Every structure is written in C-alpha cells, then in structure tokens.
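Enquirer: Have a look at this one.
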C-alpha cells in the first residue's frame, strides 16, 4: 500500500478525499436500496396485519389511509421511486470516480513517457523499446483499472456490508450472525488459497506479454534480415510459445474468476437451509420473516462479497504494475513544451579533459580528450571501429554527459539548463537517418506540427540537398508518405532527407556520423559533393564528419585520428 501511495502524485492524493466521500455515499445509497425492500417484504409476509411493524403502522396512520390496497400501492411506488433516484445518483457518483481514475491514468502514462525520455539516450539504448512502450501504454492503464479501481470497489462494498450487518444485527440478530458465520470463512479460504497464486500468474503474464511485443517489434523492424536469414520460423515459434503462456495463464485466471460466484452461492444456500432448519427445530413463528429478511439482505450481500473477492483477485493479478511504476519518478508533473531558443555560437566548441565511461563498463571509452572545433571549420574524425568516434559525437550533441571534464560553446559550459538551446543550434545526420511514418515534408520539418510547417522553406532545402529529382517521382510530391523507417526510399535519399532536415532548422553546426559508409561509391560521391557545396556556399557553417574512408574526408580543413 505504501508503494501504491507513493506512485500517486500529490495533487491526486488530495482529490482522493473527494473520491472516498463518493464511495461512502454510494455505499449508503446502496444500503438505502436494500432497506427499502424490507417494507415490501413485511407487506407480503403479513398482509392482514400492518400493525406487526410499528414503523409501517405509524406511516399508515400518519397518511390517514383506510384502504390496505391503497397503502400497498403507495409503499411500493415509493420504494420504486427511491430506488430509481438512488441509481441515478449512484451513476453520477460513479462518473466522478471514473473521471478521477482515468485522469490519473492519463497523468501516469504521459509522465512515464516523459520520465523515460528524460533518463536520456543511454537509458533508452540499454532497454528494449517494446518493453518501454508496453509500460507507457499498458502498465499505467492496468495500474488504474486493475489496482486502483478494484480498491475503490472493495472499500465501497466493505462499507455497504458493514451497514447491512449493523441493520441486520438490529432487525434480525440471528440472520446477521448467520451471514457473518458464512461469508467471512468463505472470503478467508479464498484469500489464503489464492493470494500467492494470483500474483504469480500476473507477473508471468506480464513477462510473456513483453516477450510477444518484443518479438513482433523486432520481426517487423528487421524484416529484410529476418526474411533473408530464414529467421521467421524460429521467431514465430518463440512468439507461439509466449502466446501459449499467455493463453494458459488467462485460462487459469478465468477459472479463478468463477470461484467467487460459486463460493457465495453455496454460502447463500447453506444460510437459507440453516434458517429453515432453525425454524423447524424451534417451531419459530418468525422463520418466514427471518427467511425473507436474510434473502433480501443476500440479494446485496452476495454481489458485494463477490465484488470484494473478484476485486482482490484483480489487484493481486496486476500487482506487478506497482513495482514497474515505482521504478520511475512519475510524481513530477512533466511539462513538455517546444523550445525554439538557440544558443549563441560565434567562436568555438571546446572539449576540456573529457572522460566518458558507460555505467556498466569497467574502463573509459574516452580518456582526457581535449579538442577545439572552430566556427566555420570542416573537421574530419577517423579511427578504427570501437575507438569511441560515435561516443564523442554523442557527447558533443548532448546525448551523453561527460564522466569528467567539460564541453564549452563560446566558453559557456553545456549543462542540463542550456542543452536544449544547444541542440536547437545543431543538425545531425547519422549513418541511418531516422524516418518517421509521415509525409516527406513532415520528415524534413521534423519536430514541427503540420500546421507550422513552412512549405516554401521545405522546397528550398530540397533544392540544396539535391532531392528535387526524387520529389518529382512521388505521386503526391512533398505530401507523399515514405513509409515507416523510410521503407520506400534508397539509402542515398535517406541521407539527403537527413541533410534537408538539418538545413530546414537552419543549424550553425552540422554533424555527419558515418553518413555515407553504407552507400555505394557513386552515391557517396554525390552526397559528399552536396556537403561540399553546402560548405562552400555558407562558410560560417561548421561541419564535423566521422568517416572510415579518407575519400569521405577530402573536403575537410583538418582531420584528427582517434586511437
């Protein structure tokens, strides 16, 4: 419970007081609904003597009615009207609770998404994207729907049971004691028998669902390699194995879900039989009334006990969501707003005695590196694989933070406060440019809403990046969709889109990370020529290039080698 409470943000904890009040009111209204049936029961069981109930008799005399039939009509109509009003009020209260629950879901899901993003590039690379996606989209929903909602249900039903028991104890003590003697053991046996089983099933299903999601995502993301390598049968078998696990666990949970109904119905039968036997043994004249009162109470007792047992089962089944959400600080109300502010860059970028080590590594990837990149310079960086070229880029890009040392832009140290401004100043073209499943224009103006795109600017950078001929082949021009991860374009076109994207934002520094290494010689030459023209036409543009081949660095003013 403490872990659960810690997950809920402070503002929602305060609102929980109002939700608790609505739960209490719902329990009270449900109790009124049950209590209103007692007068009808009394009239049915004792039609010739209204005086047997002092309360009914007082109402009968107070209304001044001399006809029993008229009194029955009035009582029954009143009962129906009260129950109708009660249910309308309950719907209103339930809507308030529902709004709270799903408002919290929205907050948790968006906060989890933002919190994962805030943890940085290293965290994202160390975790499976399918698992993170499931946590954001599914786990946060199951927490509110499978933990918080059942808790609210259990609280409401427990309050209702308490009110019914107090009323029974006052009106029919034997029926009250019988109800307690029957239903408490039923709940206790159910709890002791299944509490660990349900938690185990829930955790196992979560693992299986994660495995399924990961296999599907990997299969589609690496479709060509999967197909050529003949890996799909193996991946499909792994998927089927995880699916069988999910189906088996769901079947077990469905079977357990039937137990509350079975237990409560058996308890009702035992209770009614016990009342009849007591009446027969002691020749009680009140057995019919006690039987009726117990039956009326059971009409609400059974669903309440069943709801409590089912709610508890659901909580145990989804308990894993508490552990998942507790691992992330989602109490903060993340405000994710677009910032267009840029960082001034007039002189140089400096790395001063920079070290970097990955969290799970035993040695530094970069040791005491000092480097100056001057504005307008075309700098080439080369070195063998694994020497740390891409890591160096990620440090300058602000995706990683130095383990030791500092990175300065015009003598201003990069930190958490200004890193967004720095990233607004730079452009980045990787070996495999990220292409979203959007239109060409939206991919070039990446990060802009559709309404904010400057299409004239898009056309300008298409010219600069030598994409004009490619656009001419598209049915809808710049409004054509180019497929998830650029599935409908070539490697050279992908790289040119990356260049166009960097140019669209008007960057002062352009970084190329092995941007031509996967291209054929002719395409590589064309891309290099495009970069050379960009630099020649804009000598204030700083270009930093990582490449294996010296031919990709021919236009650079200076080349450094990492060892």
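Enquirer: Just to be sure, is residue 351 in contact with a strand residue (DSSP E or B) (Cβ under 7 Å, 6 or more places away or on another chain), surrounded by 16 or more Cβ atoms within 10 Å (Cβ to Cβ) and within 30 Å of residue 449 (Cα to Cα)?
Expert: So residue 351 does not fit the description; no.
Enquirer: Does residue 55 count as in contact with a helix residue (DSSP H, G or I) (Cβ under 7 Å, 6 or more places away or on another chain) and at pLDDT below 75? If you could, list the steps in order and put the result at the bottom.
Expert: Working: in contact with a helix residue (DSSP H, G or I) (Cβ under 7 Å, 6 or more places away or on another chain): no; at pLDDT below 75: yes.
Criteria not met by residue 55.
Enquirer: Is one or more of the residues making up segment 370-387 within 23 Å of residue 126 (Cβ to Cβ), touching a strand residue (DSSP E or B) at 6+ places or on another chain (Cβ under 6 Å) and buried (at least 21 other Cβ atoms within 10 Å of the Cβ)? Before the answer, list the steps.
Expert: Step one: list which residues in segment 370-387 are within 23 Å of residue 126 (Cβ to Cβ), which gives 385-387.
In the following step, the residues that additionally are touching a strand residue (DSSP E or B) at 6+ places or on another chain (Cβ under 6 Å) were identified as none.
No, segment 370-387 has no match at all.
Enquirer: Can you name the residue in segment 433-445 that is crowded, with 17+ Cβ neighbours inside 10 Å and touching a residue at least 40 places away in the same chain (Cβ under 8 Å) and, of all such residues, is farthest from residue 393 (Cα to Cα)? Before the answer, list the steps.
Expert: Residues of segment 433-445 crowded, with 17+ Cβ neighbours inside 10 Å: 433, 435, 439-445.
Subset that is touching a residue at least 40 places away in the same chain (Cβ under 8 Å): 433, 435, 439-440, 443-445.
Values: 433: 15, 435: 20, 439: 28, 440: 27, 443: 22, 444: 22, 445: 23 Å.
Per the criteria, the residue is 439.
Enquirer: Now for a separate question. Just to be sure, is residue 147 more than 15 Å from residue 310 (Cβ to Cβ) and surrounded by 17 or more Cβ atoms within 10 Å (Cβ to Cβ)? Don't jump to the end; show me each part of the working.
Expert: Working: more than 15 Å from residue 310 (Cβ to Cβ): no; surrounded by 17 or more Cβ atoms within 10 Å (Cβ to Cβ): yes.
Taking the combined requirement at face value, the residue does not satisfy it.
Enquirer: Look through 80, 75 and report the one residue that is at pLDDT 75 or above and part of a helix (DSSP H, G or I). It would help to see each step written out before you state the result.
Expert: On the way: 75 fails: at pLDDT 75 or above.
When all the criteria are applied, what remains is 80.
Enquirer: Report yes if residue 352 is over 14 Å from residue 409 (Cβ atoms), out of contact with any helix residue (DSSP H, G or I) (no Cβ under 9 Å at 6 or more places or on another chain) and at pLDDT 80 or above, otherwise no. Step through it out loud before you land on a result.
Expert: Details: over 14 Å from residue 409 (Cβ atoms): no; out of contact with any helix residue (DSSP H, G or I) (no Cβ under 9 Å at 6 or more places or on another chain): yes; at pLDDT 80 or above: yes.
So residue 352 fails the test.
The values are calculated or read from the model by the stated rules, or taken from the named source; none is laboratory data. If you're wondering where the values come from, they're calculated on a predicted model, not measured in any experiment. So basically every Cβ, Gly included, is an ideal-geometry build from the backbone, and we count neighbours across all protein chains shown.
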